[in-house]
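Values in this text are rule-based calculations from the coordinates and carry no lab data. All values reported here derive from a predicted model rather than from experimental measurement. A quick note on method: Cβ atoms are made from the backbone with ideal geometry, for glycine too, and the neighbour counts reach across all protein chains shown.
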Amino acid sequence: MRGVKMTAEGIRLVGATRDPAPGDVRVTVVSSGICGSDLHLAAMGPSWTILGHEFSGRLDDGTPVAVLPVVHCGTCDRCQAGEDAQCRAALGAMYGVSLDGGLADEAWVHPACAVPLPAGVSPGNANLVEPLGVALHGLHRAGVVDGMRVLVLGAGPVGLCTVVAARHLGAAVDVEAHRPTRLAAAERLGANVTSGTDYDVVLDAAGTQSSLDRATELVRPGGTVGVLGTFWDPVSLGLAFQMKEVTLVPSFTYGHHHGVGEFAEATRILDGAPELVDTLVTHRFGLDDAAEAFRVAGDRAEDPIKVVILP
């Protein structure tokens, strides 16, 4: 097999072998997205694992699947409590982080991580199930329900997936973003791009000090700020946060909500939102062009939203 790793010479497509764990199933990868976290991992230096946690493909029997990239242990206290998104063993069992991921021509995964796709979802587009699952989990954590007024800060892949997932839950969604192209993308997905004040929930999909400050400014007193973006640097909370008695709710990956698997639910949301693919996926590359794909994904001048590798 071939896979993408960060090496001392940069992003390279290398030959790789992996002994599957007992019971693992093989996924022939059809599509794999490059996430902002992949860029951060690459910036940390050479990796021993194949990158990529947003991927989909087919099992040996032809079943199309999206791959849930976390192998929840099922035995820790959080898993036993039904909070598998908080699995204590998660970081040591993540495809593309601590286990070989999906920026490859094939991957071996735990059978519970091979989530079948609805008939209307192509494995060529189902790499978007992962960021949709992240968005859905963040919305559930923040308590978003039908009829709420919601603001999404940031219109990258997770922010735009949050628009789709929030509308699926029945919320009215506004979006703030700095780049006109991103605002246009949000509008195509049904968001209003003129923001107001006093939102029930503000979702920070940008992960910066300024976005957290803006969320605090625009949420109503007693409202909720949900954190979907990753804070790669420390942030601080100001006096306004305390005076408004804001509830701050972080989220990470996906789990179950009222007994329903959020990753599987994300496959159904994608099935009902075919416009998401054309809106998010701005660049496609072959596996042989992985280095160029990573360059484009990290180049703000190119203004990529989602870069996808198609083996």
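A compact table of results
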{"item": "Pairwise centroid distance, computed over Cα atoms, of segment 123-147 with segment 63-115, Å", "result": "17"}
{"item": "Value of D in µm² per second that Stokes-Einstein yields for the chain, Kirkwood Rh from Cα pairs, at 10 °C (1.306 mPa s)", "result": "81"}
{"item": "Segment 251-311: GluC sites (Glu not before Pro) in DSSP coil with no more than 14 other Cβ atoms inside 10 Å", "result": "none"}
{"item": "Segment 188-254 versus segment 281-311: alpha-carbon centroid distance in Å", "result": "29"}
{"item": "Tensor-based shape of segment 134-232 (alpha-carbon gyration tensor, a/c under 1.5 rounded, otherwise prolate or oblate)", "result": "rounded"}
{"item": "Choice from Asp289, Asp100, Asp233 with maximal GNM fluctuation in the chain (Cα, 10 Å cutoff)", "result": "Asp233"}
{"item": "Calculated on alpha-carbon atoms, Rg and Dmax of segment 230-277 in Å", "result": "16.7, 43"}
